[in-house]
1. Scan the stretch 333-349 and report the pairs whose first residue is within 20 Å of PRO548 (Cβ to Cβ) and whose second residue is among the aromatic types (Phe, Trp, Tyr) and surrounded by fewer than 23 Cβ atoms within 10 Å (Cβ to Cβ), with Cβ atoms within less than 7 Å and a gap of 6+ or a chain change.
2. On the given criteria, is GLY49 part of a helix (DSSP H, G or I), out of contact with any strand residue (DSSP E or B) (no Cβ under 6 Å at 6 or more places or on another chain) and in the same structural domain as TYR117 (by TED's automatic domain parsing)?
3. So which of LEU140, LEU130 is modelled with pLDDT of 95 or more and surrounded by 21 or more Cβ atoms within 10 Å (Cβ to Cβ)?
4. Would you please name the residue that is surrounded by the fewest Cβ atoms within 10 Å (Cβ to Cβ), looking only at residues in the stretch 340-366 that are out of contact with any Gly (no Cβ under 8 Å at 6 or more places or on another chain), within 19 Å of ILE458 (Cβ to Cβ) and of a type outside the set (D, E, K, R)?
5. At pLDDT 95 or above and assigned to a loop (DSSP other than H, G, I, E, B): is that true of TYR472 in this structure?
6. Starting from the stretch 260-283, take each residue that is over 12 Å from ARG236 (Cα atoms) and list its partners that are among the basic types (Lys, Arg), counting only C-beta distances under 7 angstrom and pairs at least six apart or across chains.
7. Scan (1) in contact (Cβ under 8 Å) with a residue 60 or more places away in the chain; (2) over 21 Å from ILE156 (Cβ atoms); (3) under 15 Å from the mean Cα position of the chain (by Cα) for the single condition ARG253 breaks and write down its number.
Amino acid sequence: MSALQIHADDPRDPIQEARRRRDISLAVEPPLPDLPKDLPLNVTSLPRGILTARECEITEKTPEGLVELLANGHFSAVEVIEAFLRRAALAQRLVNCVTELLPQAALKRAKWLDNYYKEHGRTIGPLHGLPISVKEHISLKGWEVNFSFVARIGTIVDTDGLALKAMCDAGAIPFARTTQPQTLMHLETSSTIYGVTTNPYNTMLTPGGSSGGESALIALRGSPLGFGSDTGGSIRVPAGHTGIYGLKPTSTRLSHLGLTGIAGGREQIPSVIGPMSTSIGGLEMLMKTVINSKMWEVDPSLPPIEWRDGVDWLLRGSAGSRKLKVGIMWDDGLVTPHPPVRRAMRETVEKLRKDPDIEIVDWAEFSMKDAYEIWSTLIFADNGEVMLNLLDDGKEELRPLTEWIFKHNPHKAKRSLQEVWDWTAKRDEFRGKFAHAWHKTGAVDSHPIDVLLTPLYIGPPAKLDESKYWNYSLLFNLLDYPGVSFPVTTVDPTLDPIDVDFLHKGDIDLETHKLYKPDWYKDAPISLQLVARRFEDEKVSNDFHISPI
């Protein structure tokens, strides 16, 4: 990687310079009108009153719908990119979700694709002309990647992320880069450089993190499909908090090459790149495109497993056909989800029970109490020194959630190599016990559950700086199980009142229970997650096509 450190030799303030570059990139044509002075908390409907009917038609298509209309010539690549640039610029004004737009590069590529289509009468690939957004710390050749550290402002990368390159080779057009939190270690999105990103459904709430810029942009239909990353829930939680879809793959299904950050070589809890989209079809389209590019030929860390979208896991129509078996984990045994999450679980399970081709199995009691300790110990085995030193180099004050996870984390310590090995062994022991519990669900018929339905988060999207319970999402990073977050309902204060008969399981359960105030969260999205065993990523997306979820 080559680098040019602007702050080292440029008298201009690096933060203001980064924001200036962002603001210049947002100057779309034709210009957007001024926003109303008094905006509602829910801003999701505002784009329809500002953009043209044609722009709304384009930007509200699903990714799979867009590629079909681009392939048959109904839309040109240029008009699609122009529409998304304007909607993304509007989204930035509403919720502060963009680090920069790429209008010149995106339009140049779109014009080239349109000319190719006219000359050859066909598309260049399956994603011809599809706009995609990218979380800022995913490498994009020739562009700055600071991964939200002031000390890294001005760092220019000279390669594309391998997964991103596969999308571009298939015809996709990167056009927007999105916000992430300080250190990338929040379930919210707030940084010194770009400030706070808020939730389109209620701007007093967080869109989640660390891929919160992606989730907010996609929720406002400022992008149809994008890349996020996930170490403890950072794709699934923000997708869930904004009512879109997100997939955390098994860690070696997509290449990590080009995932810029400080976690390279940390294989105990790897950071995983994955898709976020307005539809399940968008997740599948990205996974299939990237995996079937055979990245394992240039990244030896990946197994040679193509995307198995044609596999019928249930052997339907054959003598061995069976029902889809869905396990239900109502809670983690430590913290009780808030009322709207419990309602979402009940409603989803009721739908599943009505399907004669689905069998429901309640997940047996399994102790989750060690999950956070093992995850946190392995994540912060350097005592957080690399991140804290970078913050110090940039003279950054710690954001509230950075302060919490770095200064009030009982599991953060400087570990010896032997201690890292010992904790890795504890991780493997935990994985083995969980796998055994999963396998036991097939004791009667020799068919363990196919997927597990669980809460995604303790409650609705949190008020800013209150996202402190990660267990429901980080559990599956610790296990390295793939998982999809999907929208179910929204908070209704009438249906989701405070539970006056609540009996807490402990101090943390009581603390999180006190956070819930129904009126604060009215209309906020509530999502759940569906997980499968390692390397069964296709199951968690395929099951949406064969179940009433």
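1. MET345/TRP330
2. So GLY49 passes the test.
3. None of the other options fit; the residue is LEU130.
4. Residue satisfying both the conditions and the ranking: VAL349.
5. no
6. If the second residue must be among the basic types (Lys, Arg), the pairs left are GLN268/ARG427; THR278/ARG221.
7. Condition not satisfied by ARG253: (3).
Matching residues to (1) part of a helix (DSSP H, G or I); (2) in contact (Cβ under 8 Å) with a residue 12 or more places away in the chain; (3) β-branched (Val, Ile, Thr); (4) not assigned by TED's automatic domain parsing to the domain that holds PRO14:
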{"residue": "VAL386", "(1), (2), (3), (4)": "yes, yes, yes, yes"}
{"residue": "LEU390", "(1), (2), (3), (4)": "yes, yes, no, yes"}
{"residue": "GLN418", "(1), (2), (3), (4)": "yes, no, no, yes"}
{"residue": "THR424", "(1), (2), (3), (4)": "yes, yes, yes, yes"}
{"residue": "ALA435", "(1), (2), (3), (4)": "yes, yes, no, yes"}
{"residue": "ALA443", "(1), (2), (3), (4)": "no, no, no, yes"}
{"residue": "ASP465", "(1), (2), (3), (4)": "no, yes, no, yes"}
{"residue": "PHE476", "(1), (2), (3), (4)": "yes, yes, no, yes"}
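The values are calculated or read from the model by the stated rules, or taken from the named source; none is laboratory data. In this text the structure is predicted, and so the values were computed from the model without any measurement. Cβ atoms come from the backbone with ideal geometry, glycine included; neighbour counts cover every protein chain shown.
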